[in-house]
Amino acid sequence: MACDLTKEFDGRAVVRDLDLAIEDGAIVGLIGPSGCGKTTTVRLLAGLLSPSAGTASVFGRSATELSGAERAEIGYLPQTPALFPDLSVRENLSFHASMYGLPLRRKRHLRRLLDWVELTDDRRKRVRDISGGMQRRLALAATLVHGPRLLFLDEPTAGIDPILRDKFWQEFRTMSASGRTLVITTQYVGEASYCDLVGLLSDGELLMFDTPDNLRRAAFDGEVIDVTLRRPPSDTEIERLAALPFVIGSIERERHDVLRIVVSDADAALELISSALEEVGLDVVEAAEHQVDYDEAFVRVVERHRGASTAGGDGVADGATDGAVAGRREER
Amino acid sequence: MNRPDGDALRPTRLGAPVVRTWAFVRKELAELVRQPRMLALLILGPFMLLVLFGAGYSQSDLVLRAMFVGPPGSIYEDVLATYEEDLDDFIVTKGFVDSELVATKALYDGVVDVVVVFPEDPVDTVLSGERAEIRVIHDEIDPLQQTAIWVATKLAVQEVNANVLSALTGEAQDQLAPAGDMVAALADRAAELEASGTTADASEVAGRVDRDLAELATVLDGSAMVLARLESVDVDLEGLDDARSSLRDIRTGMPSEDLSPEEYAALAADLREFADRFADVTTLDPMVLTRPFESTTESILPIRVDPGDYFAPSSIALLLQHLAVTFAALSLVRDRSTGLFELLRISPLSPWEIVSGKCVAFLLMGGGVAAVLLAASTWVLGVPMAGSVGWLALAVALVLLASLALGMALSMLSGSESQAVQYAMLSLLAGLFFSGFVLSIDDLVPPVRTISFLLPVTYGIRALQDVMFRGIGPDLIDLAGLAGLSLVYGTVAVVALRGKLRIA
């Protein structure tokens, strides 16, 4: 779908050498810090921008050369919803339906969409009189009004309350199950868990494009266990722990008597951890796998990338093992 | 949970372009209707302007208030007093004074529009072969008003000239009248000569004839000199000159003494003939002599057009152009600012569908505004409507269509709503100056006149005037001009919109 995709504005690359392959029926989430190129990527994929280099293709054709019928199979939700403030909620939805040539006898269809975004009771209100969140919901309904096969949704859940957000994601999953493909950008990193694939963007580069689980794993380059000790370990004892064969990454002080250890396999490591620590002279009070949340994973991967960019090389191992990382963690 | 696309509708196969165009018709109409203040402003604003203009415009403004300056007790005062009614088409007399200073102060004080200064002694000037100058002083800065003053004073001075000339001619005739008596006396002298028969009596009579002839020659030469300076009496001067020439011949050929009876008889015959011819010259009316022609005007128009009425079609055409240009220019710019263009780029909508949808909506709205304005002008303000409603509707529709196309083309040049408003204002100003609204487009030099033909209002004014005042259909050239502008501007708008919707 995207191959070496690059977009420059005024000589500055906003998206660089991006490669993506998305299968039909997948939900792809694009996450990344503000200004990382998420919206530009979506606009390139939707055919709204022509690439400076590389290609973006949709339905087997260049995204910028689609026919009218092919364009009608695409739904695009821009970050700023294209709504008309002096028209009512229903009139706005009807306008979008007409824009795609839907038959004029469509009352039930529009009603169903309004029900879904919980705007039925507000259908007669003018858009200028409803909240930003309601406008976002209306814009989402307008994007879906013509039943597109491929959806590009730029932050569809921004400003939506958590309950409705969850409802939206359930519906996105249902759409995906029915064969529709969704490319979604989001500022809520936790929403990555709803996606089949997650693309993590930073400074115009796609840092990783993988499953949500692998994103979490990638954050520490392995699985993570938290070990609570009877007493705080010394630096020498930690260095000896790092030499253990199942320890493949950093060992961080989560608290003074709690260590966070990156291992190759959490289950295997938990079976061996007690005896291994006793050999070092440490008593284990409790040991358990640490479930890395997406925010944490996101922050670690992005910071690691930025650190590496600043250092001019791969600084993953250095960043993971130095005391500064542990210090920052403790401050949190 | 309700599913958003449980049984998703698919686009209609054949009707999709109509539905897509209709989307913009409904949107634009709904957006306009939702702004009642703007609608009221659209309809009531122009109508109130028309009412104010109709009520406030007065043709009497073309009549100048004038104060005259001349020597006290001169002929001018009498002429002005006598012929005040003849002058009141151009001038309202605000007094006759003998001091230019007093009159100029009145001009500064705004009491009068012009001061007319007559020459001190026109007869001397005229007799010396010069035209006596009448000076007109004003303080008008408006070039149009300056032209009006020039025209009005020119006409008024011509009228004064004619009246003075008439008076002078009358005076000349008064001087000629005794000469007429003298000529009659000459006829008597001729009879005396014929009857005298004796040399002594004849010589005495001949002596009296010689004195009479000398006296008559003096009178005729003096009158001829005055009349020769007054250009409009050429024909009669010819007669007078003949008389003088004949008189000279008689006097030259008259023997000094010892006339024979045949010579007395011949002299008597010459005198009689002279008397007959000369009597014709003195019988002309001075008014006919100085103003041989008069004019009357008749209009072939089916209705009478008052000054206030005259501007109604022009105002309506200009307002319609301005409304349509503003609607169209703002609409597309606003759509762009709402982000709609992003959606349009990946929707199946074509630029033609967008432009035509908007045009239909604004045509309906503009047509409604035009109908209200025209109906109110006719029924409330009493503006004449000599032509058919069908022609009127066609002219209005074409003016709106061409203006909408112009507005859409301008919107493609606009980066923001404020720029679009500026362009609309520029087109309004261009309409005021170049459409024939104020100045005739015939007064514009050809390269500049091109601008006139690029403005829908130019054709609109002529078309509406034809229908409303002449009672005929619009000129084919005007209809073709409007249709051509619609096509050209519409194509420019569509091509430019296609460019804007092209992927960056």
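Leaving out ligands, DNA and RNA, calculate the buried accessible area for the pair A and B with a 1.4 Å probe, summed over both sides, in Å² to the nearest 100.
Buried: approximately 4000 Å² between B and A.
Compute the projected area of the convex hull of the Cα atoms of chain A, averaged over all viewing directions, and report it in nm² to one decimal place.
Taking the Cα atoms of chain A, their convex hull projects to 20.1 nm² on average.
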*What size of dipole, in debye to the nearest 20, comes out for chain A about its Cα centre when the only charges are +1 on Lys and Arg C-beta atoms and -1 on Asp and Glu C-beta atoms?*
2640 debye
*Shape of the stretch B:95-151 from its Cα gyration tensor (a ≥ b ≥ c, root eigenvalues): rounded if a/c is under 1.5, otherwise prolate when a/b > b/c, or oblate?*
oblate
*Name the residues of the stretch B:341-357 whose accessible area, probed at 1.4 Å, falls by at least 50 Å² once all protein chains are in place instead of their chain on its own?*
B:GLU342, B:LEU343, B:ILE346, B:PRO348
_Taking 8 Å as the Cα distance limit and 6 or more residues as the minimum spacing, I'd like the relative contact order of the stretch A:5-73 as a percentage._
30 percent
*Points 7 angstrom from Cα along the Cβ direction at B:GLU298 and B:LEU144: gap in nanometres?*
3.2 nm
*Nearest 0.05, what FRET efficiency do A:ALA69 and B:THR491 give at R0 = 25 Å with Cβ-Cβ as r?*
0.45
*Under Karplus coefficients 6.51, -1.76 and 1.60, residue-wise ³J(HN,Hα) of the stretch B:130-141 in Hz, glycine/proline x*: 10, 7, 6, 8, 9, 8, 10, 10, 9, 10, 7, 9
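Using alpha-carbon pairs under 8 Å, 6+ residues apart, how would you state the relative contact order of the stretch A:212-281 in percent? Don't jump to the answer; show the numbers that get you there.
Details: 88 pairs, mean separation 25.5, N = 70.
That works out to 36 percent.
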*In the stretch B:490-504, which residues become less accessible by 20 Å² or more once every protein chain is in place, relative to the chain on its own, using a 1.4 Å probe?*
B:ILE503, B:ALA504
*So what is the calculated 222 nm ellipticity per residue for chain A, using -39500 (n - 2.57) for each DSSP H run with n of 4 or more, over all residues, to the nearest 500 deg cm²/dmol?*
-11500 deg cm²/dmol
*Built amide H within the under 5 Å cut-off of A:VAL224, gap 5+*: A:VAL263, A:HIS290
*asked:* Once you place label points 7 Å from the Cα toward the Cβ at B:ALA483 and A:ARG255, how far apart are they in nm?
replied: 8.9 nm
_Point-to-point label distance, A:SER62-B:GLU273, nm (Cα→Cβ direction, 7 Å offset)_ = 11.1 nm
_Between B:ARG208 and B:SER245, how high is the FRET efficiency from 1/(1 + (r/R0)^6) when r is the Cβ-Cβ distance and R₀ = 25 Å? Nearest 0.05._
0.65
*For A:ASP24, net neighbour charge (Lys/Arg +1, Asp/Glu -1) across residues whose Cβ lies under 13 Å away*: -1
*Evaluate the Kirkwood expression for the hydrodynamic radius of the stretch B:397-504, namely the inverse of the mean inverse distance over all pairs of different C-alpha atoms, and round to one decimal in Å.*
14.7 Å
*With an 8 Å cut-off on Cα pairs and a minimum separation of 6 or more residues, tell me the relative contact order of the stretch B:327-406 in percent.*
45 percent
_With +1 on the Cβ of every Lys and Arg and -1 on the Cβ of every Asp and Glu, and nothing else charged, how large is the dipole of the stretch A:1-110 about its Cα centre, in debye rounded to the nearest 20?_
580 debye
*Considering amide H positions built from the backbone, and no H for Pro or chain starts, which residues 5 or more places from B:VAL69, or on another chain, come under 5 Å of its amide H?*
B:VAL97, B:VAL116, B:VAL117, B:PHE118
*For B:MET38 and A:ALA242, what is the calculated FRET efficiency with R₀ set at 56 Å and r taken between the beta-carbons, to the nearest 0.05?*
0.15
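The values are calculated or read from the model by the stated rules, or taken from the named source; none is laboratory data. None of these values were measured; they are calculated from a predicted model. Heads up, the Cβs are rebuilt from the backbone with ideal geometry, glycines too, and the neighbour counts pull from every protein chain shown. Calculation scope for accessible area: heavy atoms of the full protein, side chains included, ligands and nucleic acids excluded. Shrake-Rupley method; radii C 1.70, N 1.55, O 1.52, S 1.80 Å.
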